[in-house]
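Q: Sharing a structure with you now.
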Amino acid sequence: MTDPDCDIGPDTGPTSRAPATRRSPFFIQLGGLYGIWLREVKRAIRDRGQLVGGISRPILWVLILGIGLNPYFRGEVYGEVTFVVPFTYLQFIFPAVVALNVMYTSVQSAISVIWDREFGFLREVLVSPMSRGMVLLGKVLGGATVAMAHGCLVLLLARFADVPLTWLAVLKALGLMAMLAFALTSLGVVIANRIRSFEGFGVFSNAVILPLYFTSSSIFPLDPALSRSQTRVVYPEWLVTIVEYNPLTYAVDSLRGVLINYNQFDPRLGIAIMAIAGVVLFTIALFDFRKA
C-alpha cells in the first residue's frame, strides 16, 4: 500500500508534499505593479527613437537656441550691458528645457495605452487579479520614471549652460521632476483614453504640449521689476492672463528656483499646483480607465 501523503518518484523515492503557500492579496498587487512598471521601462529602453529624441531635444534648445538668442536677452543702458534678468538666456531657459524633456516623454509614454488596447495586452491584464487602479498606477509610474531619466539627460548639459549644480539642488530637482512627470503622464493617459488611434494621439498631444509650454514663461520672462498692473501694460493682457493661469508656469518656475535660484512667483505655488494636478489628473485617468 502507498501512503496517500507521500509521492513515490521513480528515482528519488518517497517525498512528502510541501504545503502550498498562498501569497497575500497585497503582495499579488505589488508584484503586478512592479511587473507593469518594469515592462514600461524596458519598452522605453528598447525604443531607440525615444532615446534619440531625449538627447537631440535638449541639445537643440540648450546649445543652439540658447546660445543663438543669448545676445538678444540683454539691453544697454548708458553704455553698460545689462540682462533682463540677472542670468544669461542660456541659464534662463535651462530649467525650462528640463521641464520640456520631462513633458514630451511623459505625455508620449501614454501611447502605450493605445498600443496595449490595440493588440489585446490590456484586455489580458484587466482580467487578471490586479485592480485597475494598480494597473494604471504601474503604467503611470513607468512613464514617469522614463520621463525623469530624460530630464536627467538635460542636467548633464548644465556645465555647457554655465549652471552650477550642487547635490542638494539635484535632489530637489529630481523631486520636482517626479511630481511633474507623474502629473503629465496622467494627462497623457487621459488623452489616450479618449483618442483611439496612434495618429490622433500624436496630433492632439502636440496640440496640448506646445501651447502649454510656450505660455509657461519658459522662453521669455515676465519682467520682475514691473508690478502686476504694469506687466499688463507692457505685455498683452491676454498673454499675461494665460501665463498666470497655466499650471506649467509654476512648475517651470519651481525648477528655475532650484537650479538657478531665480523665481518669478512664490516657489511653494509650484509644489502645491503640481501635487494637486497629479491627484486630479490621475483620478480622471482612473475614472476613464475603469470604463475601458
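The values are calculated or read from the model by the stated rules, or taken from the named source; none is laboratory data. Not measured: the values here are computed from a predicted model. Glycine also receives a Cβ, built like all others from the backbone with ideal geometry; neighbour counts cover every protein chain displayed. Accessible surface areas use protein heavy atoms only, side chains included; no ligands, DNA or RNA. Shrake-Rupley method; radii C 1.70, N 1.55, O 1.52, S 1.80 Å.
Q: Taking the highest mean first, how do the peptides 185-192, 204-211, 124-131, 55-62 order by number of other beta carbon atoms within 10 angstrom per residue?
A: Descending mean neighbour count gives 185-192, 55-62, 204-211, 124-131.
Q: Apply 1/(1 + (r/R0)^6) to the Cβ-Cβ distance of Glu124 and Leu269, taking R0 = 35 Å, and write down the FRET efficiency to the nearest 0.05.
A: So, using R0 = 35 Å, E works out to roughly 0.25.
Q: Right, something else. Using a 1.4 Å probe, what is the accessible area per residue for the stretch 111-161, in Å²?
A: 46
Q: Let me ask something else. Modelling each spin label as a point 7 Å along the Cα-to-Cβ direction, I'd like the Tyr235/Asp162 distance in nm, to one decimal.
A: For Tyr235 paired with Asp162, the spin-label model returns 2.4 nm.
Q: For a protection proxy built on the mean count of beta-carbon atoms within 10 angstrom, sort 95-105, 28-38 highest first, please.
A: 95-105, 28-38
Q: Grab the beta carbon distance between Thr283 and Phe26, set R0 = 25 Å, and tell me the FRET efficiency rounded to 0.05.
A: 0.65
Q: Nearest 20 debye, what's the magnitude of the dipole of the stretch 156-292 about its Cα centre given +1 on Lys and Arg Cβ and -1 on Asp and Glu Cβ?
A: Dipole magnitude for the stretch 156-292 comes out near 360 debye.
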